[in-house]
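For reference, the structure discussed in these notes is given below.
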Amino acid sequence: MLEIQVKAAATIFEAEHGTQTGRYFAILIPQDDDLSSGICEMLDHRTNGALRRAAEITKFKGERDQSCTLIAPCPEIAQIVLVGYGEEANLTPNRIENAAALAVSLCKKAESVSMAYVGRAETFAAHAAYGATLGQYRFSRYKHDAELAASLRKLDLFVEDIDATTKQWARLQSIALGVFRTRDLVNEPGNILHPPEFAKRIETLRDIGVSVTILTASTLRELGFGALLGVAQGSDKEAHVAIMQYTHSDNQSDAPIALIGKGVTFDSGGISIKPANGMEEMKTDMGGAAAVVGTIEALARRHARANVVGVVGLVENMLSGNAQRPGDIVTSYAGKTIEVLNTDAEGRLVLADVLAYTRNIYRPQLMIDLATLTGAIVISLGHEYAGVFSNNETLKTRLVAAGETSGDAVWPMPMGPAYDREIDSPIADMKNIGSRAGGSITAAQFLARFVGDTPWAHIDIAGVAARNDAAPTCPKGASGFGVRLLDQLIFLHESGENLI
Ligand code: BES
Ligand code: MN
Ligand code: ZN
């Protein structure tokens, strides 16, 4: 992870960590700034007026995402990057995160960057470190040539208020570690991260004070997890359910907030096999479970004042002589029977048992599940928003708000009895698919049949768990979606807001 140092703004030209090629400066600038602030004046002076000339030539106005780069403007400076963050009036932490991430990515080949702020950007100085950190993430475990590794090691933030920034950064760094944990898990291929290995990695959360329980397949069989085990039966890898408890509320006996995740480590579709094209993306079908793990990590690291339990269902959906057949009828943990008409609609089968079990054993005040559940949500919302479904309007509203603040955006989706009727079966209590129309909604209706009257929200992250292209705060691949969202929601809870 990028090393961050917070330093006094007044010392920016004293710092001595340039290489032979000179120092790298990244300056965040508000819209319509006239470059007359102390830092810009100084840089302009040192570069014999090149800063102002460059801004003029490139028509740099400090608009959002606008940038201006000066390469080797004088012997002691390798590069100056100006990045605009738009109007000061509607400044948000997110804008600073994106501007800072863009700024450091433009400092190509730099090992160390000095960042300074013009205007109100300093209010969110630590968010600049956060954005840059998130953007510099690389999954390099299996790539031997060094090209992939980010060269940037260190970011110095020059600020007026060192204490405030340092304090804010401590919290954000914990969240970044959670996001990285999630990205690492999602980026792992299915041959390495199968259910037993996933469970093993979850056990490492014990090191940061989380109590972890693993339910193995034989226990799940005794408990009656018939829906989850039906999905797992075609795979040679044993199914697991992992439970993570973080108990740190001021009142230890507070009912927990339950976070539930779909952890299909590879989804071939089963006998209802998927087309070959793009099937490799289904290694990310455990993105919900990974988000729960990353959130628990972030909460534990920042010592959140809350009681939270994370429960994830870990299975592999494969084909074999023992694989589940279309038409099979399974009995779920809740006792309800399900006609499995399509073995590729497996996520809801896993979640049905995990939701019912969590409700029964932990009596949570509310439950939120995250799942790469349907292709239909990708058709509805694309790759910008996850869809949120809920039986509680307040919870839904809070999630949308937490999405806006955190950058993990979620959009509210409808539910209702007409959708629910679609999953009635003539020969079992329900079937696992509706019609093609509204596929993400009928999937949510299916889950709703297992949550009873517990306030619950379902977040379909199929479109956002992994990216096909790089964004400023996220390279191509796993996004870590859900960690920032849930962390923010629990932060609202800690601040005394009603979530339900
Ligand atoms: N894991 C998939 C959903 C998915 C699709 C995730 C695209 C990420 C990207 C899920 O298990 C699935 O296969 N859903 C089916 C359901 C259908 C058979 C009712 C789908 O969406 O096609
Ligand atoms: Mn599937
Ligand atoms: Zn799936």
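The values are calculated or read from the model by the stated rules, or taken from the named source; none is laboratory data. Here the structure is a predicted model, which means the values were calculated and not measured. Every residue, glycine among them, receives a Cβ derived from its backbone with ideal geometry; neighbour counts consider all protein chains shown. In case anyone asks, the SASA skips ligands and DNA or RNA and just uses the protein heavy atoms, side chains included. Shrake-Rupley method; radii C 1.70, N 1.55, O 1.52, S 1.80 Å.
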Next on the checklist: I'm told residue 352 meets every condition in (1) in contact with a strand residue (DSSP E or B) (Cβ under 8 Å, 6 or more places away or on another chain); (2) over 23 Å from residue 182 (Cβ atoms); (3) away from ligand 3 (no atom under 16 Å from the Cβ) except one. Can you identify the failing condition by its number?
Outcome noted: (3)
Checklist entry - Is at least one residue of segment 278-299 more than 13 Å from ligand 1 (Cβ to nearest atom) and either basic (Lys, Arg) or open to solvent by 40 Å² or more (accessible area, probe 1.4 Å) (or both)? => result no
Checklist entry - Based on what the data block shows, is residue 388 away from ligand 2 (no atom under 16 Å from the Cβ), modelled with pLDDT of 95 or more and part of a strand (DSSP E or B)? => result yes
Next on the checklist: Here are the criteria: (1) within 16 Å of ligand 3 (Cβ to nearest atom); (2) outside any loop (DSSP other than H, G, I, E, B); (3) open to solvent by 40 Å² or more (accessible area, probe 1.4 Å). Tell me which single one residue 237 does not satisfy.
Outcome noted: (2)
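Check whether at least one residue in segment 281-293 is among the hydroxyl-bearing types (Ser, Thr, Tyr) and touching a Pro at 6+ places or on another chain (Cβ under 9 Å), and report yes or no. Don't jump to the end; show me each part of the working.
The first filter runs over segment 281-293 and keeps only residues among the hydroxyl-bearing types (Ser, Thr, Tyr), leaving 284.
Subset that is touching a Pro at 6+ places or on another chain (Cβ under 9 Å): none.
The answer is no, given that none of the residues of segment 281-293 is among the hydroxyl-bearing types (Ser, Thr, Tyr) and touching a Pro at 6+ places or on another chain (Cβ under 9 Å).
Give 260, 271 a once-over and let me know the one that is in contact with a Ser or Thr (Cβ under 8 Å, 6 or more places away or on another chain), part of a strand (DSSP E or B) and in the same structural domain as residue 447 (by TED's automatic domain parsing).
Working: 271 fails: part of a strand (DSSP E or B).
On inspection, the qualifying residue turns out to be 260.
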Checklist entry - Taking interchain pairs and intrachain pairs at least six residues apart, which have beta carbon atoms under 8 angstrom, with the first residue in segment 392-411 and among the charged types (D, E, K, R) and the second surrounded by fewer than 18 Cβ atoms within 10 Å (Cβ to Cβ)? => result 396/412; 398/492; 398/497
Checklist entry - Here is a list of conditions, (1) surrounded by fewer than 19 Cβ atoms within 10 Å (Cβ to Cβ); (2) in contact with a His (Cβ under 6 Å, 6 or more places away or on another chain), and residue 383 meets all of them except one; can you say which number that is? => result (2)
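Within segment 325-375, which strands (runs of 3 or more DSSP E) (wholly inside it) include 1 or more residues that are within 11 Å of ligand 1 (Cβ to nearest atom)? Outline the logic, then answer.
On the way: elements: 328-331, 337-340, 366-371.
Those strands (runs of 3 or more DSSP E) span 337-340, 366-371.
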Checklist entry - Restricting the search to segment 348-396, which residues are closer than 24 Å to residue 242 by Cα, of a type in the set (Asp, Glu) and within 17 Å of the chain's Cα centre (by Cα)? => result 369
Checklist entry - If a residue has to be open to solvent by less than 50 Å² (accessible area, probe 1.4 Å) and assigned to a loop (DSSP other than H, G, I, E, B) to count, how many in segment 217-234 make the cut? => result 3
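With the structure loaded, tell me whether residue 249 is open to solvent by 60 Å² or more (accessible area, probe 1.4 Å), away from ligand 2 (no atom under 15 Å from the Cβ) and either modelled with pLDDT under 95 or outside the structural domain of residue 354 (by TED's automatic domain parsing) (or both) or whether it fails that test. First the steps, then the outcome.
Details: open to solvent by 60 Å² or more (accessible area, probe 1.4 Å): no; away from ligand 2 (no atom under 15 Å from the Cβ): yes; either modelled with pLDDT under 95 or outside the structural domain of residue 354 (by TED's automatic domain parsing) (or both): yes.
Against the criterion (open to solvent by 60 Å² or more (accessible area, probe 1.4 Å), away from ligand 2 (no atom under 15 Å from the Cβ) and either modelled with pLDDT under 95 or outside the structural domain of residue 354 (by TED's automatic domain parsing) (or both)), residue 249 does not qualify.
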Next on the checklist: Let me spell it out: the conditions are (1) without any contact (Cβ under 8 Å) to a residue 60 or more places away in the chain; (2) more than 16 Å from ligand 1 (Cβ to nearest atom), and residue 268 meets all of them except one. Which number is the exception?
Outcome noted: (2)
Next on the checklist: Go through (1) under 19 Å from residue 344 (Cα atoms); (2) among the acidic types (Asp, Glu); (3) not in a strand (DSSP E or B) for residue 297 and report which single condition fails.
Outcome noted: (1)
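Being outside the structural domain of residue 98 (by TED's automatic domain parsing) and within 29 Å of residue 275 (Cβ to Cβ) narrows it down to one residue among 416, 387, 452, 407; which is it? Steps first, answer last, please.
Numbers: 416 fails: within 29 Å of residue 275 (Cβ to Cβ); 452 fails: within 29 Å of residue 275 (Cβ to Cβ); 407 fails: within 29 Å of residue 275 (Cβ to Cβ).
When all the criteria are applied, what remains is 387.
Tell me yes or no: at least one residue of segment 420-433 is in the same structural domain as residue 258 (by TED's automatic domain parsing), part of a strand (DSSP E or B) and surrounded by fewer than 18 Cβ atoms within 10 Å (Cβ to Cβ). Lay out the reasoning, then the answer.
So in segment 420-433, the residues in the same structural domain as residue 258 (by TED's automatic domain parsing) come out as 420-433.
If we keep only those that are part of a strand (DSSP E or B) too, we end up with 430-431.
Okay, now just the ones that are also surrounded by fewer than 18 Cβ atoms within 10 Å (Cβ to Cβ), so none.
The answer is no; no qualifying residue exists.
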